[in-house]
Amino acid sequence: MSLVAFADDDIMAIRGHTQFELWSRAHIFLEMALAWATQAGLTINPKKTDCLHIQVDVESPPCLWLGNTL
């Protein structure tokens, strides 16, 4: 027997004044979220994870990784 549960519709807001600052803050958050999910016995599906970049200070969004997935 196995249990499959879904925890959907989470959101995070990160702001950075440079592309590196934005990447660094997002990377730290994603690593913390992945560690928490793993410890809780959950997984985060990168194919169902989206990033919305709203241009204010940084013109182009940084490349983000979730685990080993871009």
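The values are calculated or read from the model by the stated rules, or taken from the named source; none is laboratory data. Everything quoted here is computed from the prediction, not taken from an experiment. Quick note on the areas: whole protein, heavy atoms, side chains included, nothing else; ligands and nucleic acids left out. Shrake-Rupley method; radii C 1.70, N 1.55, O 1.52, S 1.80 Å.
I'd like the accessible area for Asp10, computed on protein heavy atoms only with a 1.4 Å probe and all protein chains in place. Round to 10 Å², please.
140 Å²
Could you put Ile14, Ile28 in order of accessible surface area, largest first, with the 1.4 Å probe and the full protein assembly present?
Largest accessible area first, the list is Ile28, Ile14.
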